[in-house]
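Report on the following structure.
Derivation of every value follows stated rules applied to the coordinates shown; laboratory data play no part. This structure is a prediction, so every number in the text was calculated from the model and none was measured. Quick reminder, even Gly has a Cβ in these numbers, built from the backbone with ideal geometry, and neighbours come from all protein chains shown.
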Amino acid sequence: MAIVEKDLFVNQKIDFKTGNEMAALSVAQINFHVMGYFPITPSTEIAEFLDEMKTRGEHDILMIPADGEHGSAGINFGAATGGGRVFNATSANGFLYMLEQLPVQSGSRFPMVLNLVTRSISGPLNIRGDHSDLYYGLNIGWPILLARDPQAVYDLNIIATKLAEHKDVRLPVVVAFDGFVTSHRKRNVHYFNDKKLVQDFVGEMPEGFITAFDPENPVTIGPYMNDPDFINNKYQQSQAMYQAEAVYEQIAEEYKQLSGREYEIVDEYRMEDAEVALFLLNSAAETAKDAVDKLRQQGIKAGVISPNMIRPFPAKQIRQSLKNVKAVLVGERADSYGANGGNITQEVKAAIQEDKENNTIVLSRIFSLGGKDFYMDEAEEFFQLALDAVEKGYAEVPFDYYGVHPGDIENAPKAVLEPVKTEEWKSGLIQVEKNEETGLLKVKVPPLRALTKKPKRLAPGHGACPGCGIYPGLETFFKGIEGDIVALFQTGCGMVVSTGYPHSAHKGTYIHNLFQNGAATLSGVVEMFWEKKRRGEIQVPDDFTFIMVTGDGGMDIGMGPAIGAALRNHKMIILEYDNEGYMNTGSQLSYSTPIGHMTTTSGVGEKQGGKAFHHKDTAQIMAATNIPYVFTGTEAFPQDLIKKAAKAQWYAQNEGLVYGKILISCPLNWKAKDEEGTAIVGTAVNSCFFPIYEVEKGITTITYNPEEKGKRVPVSEWLGMLGKTKHLLKPEYEATLKSFEEEIERRWQRLVAKDTNPFL
């Protein structure tokens with residue numbers, strides 16, 4: 001970015017903001033029509049900031065919380081067919097999950113803007129920044145702009161909107177910037193003090209778009225296309241992509257006249273006479289510029305090349321930049337495994353190959369994966385590698401990783417805990433008997449004190465917040481499980497705080513897979529166990545109990561695979577801890593968040609009052625799949641939960657899939673006292689918000705009825721214990737509170753009816 005006339009700043013404010021803040025600000029000023037979104041670190045803040053701004057009436061964007069990134073991409077594609085402006089933001093595995101939808105959008109020529117806040121692709125899981133997600137987007141047919149700092153995030157989002165909608169382009173556009181480095185670190189920035197300046201620059205949506213909303217001209221969107229036509233379609237899309245380069249240059253020039261900031265397709269730093277250069281994407285290029293200044297003082301002609309646009313690839317500009325360069329090192333924060341260099345290295349080589357006069361030596365280094373910091377002295381080492389190649393006349397090691405180090409066997413992680421023997425997991429005090437006439441189970445469990453000798457399944461030392469209800473809830477449940485288990489945790493607080501490499505709080509075998517795919521993964525584990533046992537290839541004294549632990553919205557994004565596993569009836573337990581939100585990404589709303597509750601994406605303010613729709617009843621959904629056993633429970637009623645755990649184990653080992661849901665407290669995001677977790681979830685039960693019951697062989701039984709015990713309390717008593725819901729007790733939220741109370745009563749009365757009638 002180059003600054004031109006300072007007089008242009010008269011219409012702009014100076015501030016200190018992050019990349020995510022600037023992304024949200026640009027989007028709000030443009031005032032997109034629709035944003036379908038799903039939270040994932042480090043892009044989640046963009047939706048949070050936009051929600052905050054909406055509560056203050058600063059934009060009119062309709063924000064639609066999806067069930068996962070694939071769903072969010074579908075929402076946005078659908079919205080785009082209506083001829084309006086559409087925006088989304090995502091990162092890493094979220095980008096890959098929506099990847100299937102993205103070529104549909106570009107192939108159908110519907111514009112939108114997507115911010116990709118770059119982050120490592122798992123596995124193993126890493127939430128820090130590199131470009132491994134970005135590289136998956138190189139072939140989706142979207143122009144890609146690169147923003148190296150918060151200022152560029154703001155400016156390029158405005159440019160991207162106009163670029164996407166241009167009559168010669170009409171393609172969705174990605175604006176990519178570095179996770180945490182750009183997204184979360186504050187920088188001095190300028191932005192327009194009047195959003196009308198932004199809206200006038202972007203202009204109205206151009207006419208001529210195909211739209212689903214023209215009854216006089218009905219259209220077919222997404223047809224099946226035969227072979228001779230398909231190649232023509234792809235050719236037109238390809239032409240539009242290459243035209244995007246010239247259109248971008250035109251728009252960037254117009255934006256320079258408005259803002260005073262210049263974004264050429266390729267940013268060159270001291271390249272006018274450079275003999276050695278680094279080619280770097282985004283924030284790393286800024287670090288390298290300091291190294292250039294230092295080397296220049298030593299008489300070394302160094303420079304940095306960094307593109308602002310990477311799709312279409314700026315081959316012509318790169319050939320010009322490298323015309324007199326003797327050696328260039330391409331630093332990449334992602335690998336193209338097996339290709340002897342990352343994707344960008346191969347494209348740089350291909351670009352200069354077309355210049356017969358170019359003899360630039362090209363080196364490739366993979367660096368700073370998983371958010372590893374990149375310092376100026378490391379940029380100097382990159383330049384030294386290029387200088388060595390110039391001296392030798394060739395690259396002795398053309399491709400390598402930079403920053404790796406061999407492990408020291410003496411420092412290898414050592415087991416802190418001795419493995420727990422199978423018999424230690426057994427108390428011998430829990431009795432489960434099957435009634436041969438009814439087919440139902442009868443369970444006897446001893447007093448809790450008698451089970452305290454059983455070892456905990458998770459060791460102390462996990463990183464959960466004070467007062468977190470996950471571990472008391474899980475350990476209470478585990479008291480009812482006898483013998484060895486294999487546990488799979490979906491991504492969530494329970495997973496993140498218990499398995500930070502190289503340590504683990506789990507005393508038994510533990511597996512992790514993607515947020516949405518836990519049930520399918522454990523299905524495979526279960527069936528492999530039983531198949532190997534059938535073949536005589538595995539012999540264990542007792543069968544394992546297979547348990548999937550999900551929460552933090554895992555039964556939103558993972559609902560489809562969970563239902564699939566239930567319908568197949570694998571011998572396993574799905575245990576959901578319900579903390580009423582996506583807590584591991586910062587307390588965004590999930591479909592388990594009740595109506596009116598405040599989260600970071602359902603704010604409370606002048607223009608909105610918390611979540612706008614009722615929570616999902618996952619227990620009833622799973623009961624509808626006709627699995628052998630479904631239950632709900634809480635640590636506040638431990639004997640009840642332990643009995644249900646014992647039943648769950650019997651069914652999971654003998655008949656098929658079990659689903660259980662336990663309400664757990666999250667003091668940090670519920671805005672409640674750490675020590676009141678058990679009391680809060682107990683009050684939730686007594687208010688009938690969270691009834692505890694079981695559905696065994698299709699027969700519903702309420703296992704604790706607060707009305708019969710004379711302990712039912714108003715919903716308002718429970719809401720008053722939570723900081724996130726106290727606003728619902730104010731007169732202005734009377735309608736929301738009434739709707740919530742009526743829904744709780746409706747669900748409770750339906751449950752009572754099922755309890756009294758085995759055919760319901």
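General remarks:
- Between helix 343-353 and the chain: long-axis angle, C-alpha atoms, 0 to 90°, nearest 10: 20
- Sequentially through region 406-415, phi angles give Karplus couplings (6.51, -1.76, 1.60; θ = phi - 60°) of x, x, 9, 4, 5, 9, 4, x, 10, 5 Hz, Gly and Pro residues having no value and appearing as x.
- Taking the Cα centre of the chain as reference, the dipole from Cβ charges on Lys and Arg (+1) and Asp and Glu (-1) amounts to some 2020 debye.
- If you model the chain as an ellipsoid using its alpha carbon gyration tensor, with each semi-axis the square root of five times an eigenvalue, the axes come out at 51, 32, 24 Å, biggest first.
- Each Lys and Arg Cβ is given +1 and each Asp and Glu Cβ -1; about its Cα centre, region 2-262 then shows a dipole of about 540 debye.
- For Thr18, distant residues with modelled amide H under 5 Å away: Arg187
- For the peptides 639-646, 151-158, residues were scored by their other Cβ atoms within 10 Å and the scores averaged per peptide; the highest-first order is 151-158, 639-646.
- Seen against the Cα atoms of the chain and their longest principal axis, helix 677-686 is set at about 60 degrees.
- Estimated 222 nm signal from helices in the chain, with DSSP H stretches of n ≥ 4 weighted -39500 (n - 2.57), rounded to 500: -11000 deg cm²/dmol
- Computed from Cα positions, the angle between helix 518-534 and the longest principal axis of the chain comes to roughly 60 degrees.
- In the structure shown, the pairs Lys294/Lys392; Lys162/Lys326; Lys444/Lys738 are assessed against 29 Å; a Cα-Cα span above that value is assigned to Lys162/Lys326; Lys444/Lys738.
- Burial ordering of Ser590, Ser106, fewest other beta-carbon atoms within 10 Å first: Ser106, Ser590
- The chain - share of DSSP beta bridges that are antiparallel (%, nearest 5): 35
- Protection proxy ranking, highest mean first, for peptides 370-382, 317-329: 317-329, 370-382, where packing is the per-residue count of other beta-carbon atoms within 10 Å, averaged.
- Each of Ile621, Ile61 has some number of other Cβ atoms within 10 Å of its Cβ, and from fewest to most they run Ile621, Ile61.
- Most to least packed among 10-19, 669-678, 270-279 [average Cβ atoms within 10 Å]: 270-279, 669-678, 10-19
- Prolate/oblate/rounded call for region 185-276, Cα gyration tensor, a/c under 1.5 rounded: oblate
- Cα shape, region 266-401, gyration tensor, a/c 1.5 rule: rounded
- Relative exposure of Cys465, Cys688, Cys666, judged by other C-beta atoms within 10 Å (fewest first): Cys465, Cys688, Cys666
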